[in-house]
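K.L.:
Have a look at the structure that comes next, please.
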Amino acid sequence: NSEDVVSTRLYFVNASLQRVTFSSSVGVSLPCPAGGAPHAILRWYLAAGDDIYDVPHIRHVHANGTLQLYPFSPSAYNSIIHDNEYFCTAENQAGKIRSPSIHIKAGEAQTNCKHVK
């Protein structure tokens, strides 16, 4: 049915997003930059292709496809989680699309930072 083909689609919401820097004291919520009609299943991955898993109080993927990195203390910093490339996929009957890689990096206040020459 050609009507089903027209109404089934996948699309990018913001394919130009390439870098997100966030404060370790605030955290960040990042919606998947893709979607679909009918509703698409949204999943996040590390750039290497590894599935994202929830880490209690550190990282969570919500049912709506939003990736959330919670505020954290310096001792909880993990470069795999807090300074890495991620991408999102959207999948439905129309197929599957992959967002460009997005570098997500935690920053922190620079008040005690010393510059080395």
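K.L.:
Can you pull out the residues in the stretch 17-32 that are outside any strand (DSSP E or B), touching a strand residue (DSSP E or B) at 6+ places or on another chain (Cβ under 7 Å), of a type in the set (Gly, Ala, Ser) and open to solvent by 30 Å² or more (accessible area, probe 1.4 Å)?
P.N.:
Result: no residue meets the conditions.
K.L.:
Restricting to the stretch 33-50, give me the number of residues that are within 17 Å of residue 82 (Cα to Cα) and either modelled with pLDDT under 90 or assigned to a loop (DSSP other than H, G, I, E, B) (or both).
P.N.:
Here the count works out to 4.
K.L.:
For the stretch 39-49, state whether one or more residues are touching a Pro at 6+ places or on another chain (Cβ under 6 Å) and open to solvent by less than 40 Å² (accessible area, probe 1.4 Å).
P.N.:
Our first condition is that a residue be touching a Pro at 6+ places or on another chain (Cβ under 6 Å); within the stretch 39-49, this holds for none.
Looking through the stretch 39-49, none of the residues is touching a Pro at 6+ places or on another chain (Cβ under 6 Å) and open to solvent by less than 40 Å² (accessible area, probe 1.4 Å).
K.L.:
Might you let me know whether the stretch 68-90 holds any residue that is in a strand (DSSP E or B), in contact (Cβ under 8 Å) with a residue 60 or more places away in the chain and not hydroxyl-bearing (Ser, Thr, Tyr)?
P.N.:
Scanning the stretch 68-90 turns up at least one residue that is in a strand (DSSP E or B), in contact (Cβ under 8 Å) with a residue 60 or more places away in the chain and not hydroxyl-bearing (Ser, Thr, Tyr).
K.L.:
Quick one: in the stretch 68-89, of everything that is surrounded by 14 or more Cβ atoms within 10 Å (Cβ to Cβ) and β-branched (Val, Ile, Thr), which residue is nearest to residue 34 (Cα to Cα)?
P.N.:
In this case the residue turns out to be 89.
K.L.:
Applying the selection to the stretch 32-76, what residues are over 22 Å from residue 13 (Cα atoms) and charged (D, E, K, R)?
P.N.:
50, 54, 59
K.L.:
Next up: Does residue 36 count as open to solvent by less than 90 Å² (accessible area, probe 1.4 Å), over 15 Å from the mean Cα position of the chain (by Cα) and within 23 Å of residue 97 (Cα to Cα)?
P.N.:
yes
The values are calculated or read from the model by the stated rules, or taken from the named source; none is laboratory data. This one's a predicted model, so the numbers in the text were calculated from it and none came from an experiment. FYI the Cβ positions are ideal-geometry reconstructions off the backbone, even for glycines, and counts take in every protein chain you see. These area figures cover heavy atoms from the full protein model, side chains too; ligands, DNA and RNA do not enter into them. Shrake-Rupley method; radii C 1.70, N 1.55, O 1.52, S 1.80 Å.
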